[in-house]
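Presented below is the structure to which this report refers.
Taken together, the values in this text are just the output of simple stated rules run on the coordinates, not laboratory data. It should be emphasised that the depicted structure is a prediction, and the values quoted were computed from it without experimental measurement. All Cβ positions, even for glycine, are placed from backbone atoms using ideal geometry, and neighbour counts span all protein chains on display.
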Amino acid sequence: MVIIMSGVSGVGKNTIIQKLIEQYDNMYFFRSATTRPRREGETIYDFMSEEEFLRKKEEGAFFETEFTHGYWYATQYSELEKLINNPQNIYIKDIEVHGNRKLREYFNGKVKVTSIFLDAPDEVLYQRLIKRGESEERAKIRLSRGVMERQYKDEYDLVIENLDMQKTIDTIKEFISKQGE
């Protein structure tokens, strides 16, 4: 199974993904490539320079790419193959709303896919972004994209307002359990 997780910047996608992976023996992060700087302790991306990223893009190493918040992100073909070849595992991926559509189409008929959209009020998201070290200007830029992202919420199988991390994790675990039935 593949779980696609999207949401507005600062909503806690990567933190929740890391907590879920710790609780499942067969859940793995479906890695993206990015040119953005690594945050402290972060291991769920393949970080690369913009030069390396653009070279790999030109070579056709990426299924899809997106330029968001001043950085490149990509889904790597090598990661897609892992998912298809190991259907007994659960793979979870943080991806923006356009990537959700592309991945669902790609996996249609190959692997079971489900999607989750996380949201929270902008005031909460702004405070989270500032707390993790974003400047006020950068936080506002990141939140401005949320208007567009929220327009796609109806395309997701589950939408959660993430105000309480443990409650969100419990809701996702219950949802995953029902997907396996």
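Some observations on this one:
- Simple point charges give the picture: +1 on the Cβ of Lys and Arg, -1 on the Cβ of Asp and Glu, and for the chain a dipole about the Cα centre of about 60 debye.
- With neighbour counts taken as other beta-carbon atoms within 10 Å, the residues Asp94, Asp154 rank, fewest first, as Asp154, Asp94.
- Computed from the Kirkwood radius of its Cα pairs, the Stokes-Einstein diffusion coefficient for region 132-181 at 25 °C and 0.890 mPa s stands at 184 µm²/s.
- Student exercise, region 101-159 dipole from Lys, Arg, Asp, Glu Cβ charges, in Debye to nearest 20: 300
- Environment charge of Leu118, counting only residues whose C-beta is closer than 9 Å and scoring Lys/Arg +1, Asp/Glu -1: -1
- MRE, 222 nm, helices only [DSSP H, n ≥ 4, -39500 (n - 2.57), over the chain, to nearest 500]: -13000 deg cm²/dmol
- Taking the centroid of alpha carbons for each part, region 37-53 and region 57-129 are 16 Å apart.
- Over all directions, the projected convex hull of the C-alpha atoms in region 1-106 averages 6.7 nm² in area.
- Per-residue Cβ neighbour rank within 10 angstrom, fewest leading, Phe175, Phe67: Phe67, Phe175
- For the chain, alpha-carbon Rg over 2.2 N^0.38 Å: 1.00
- A simple spin-label model places pseudo-atoms 7 Å from Cα toward Cβ; at Ile141 and Asn108 they are separated by 3.5 nm.
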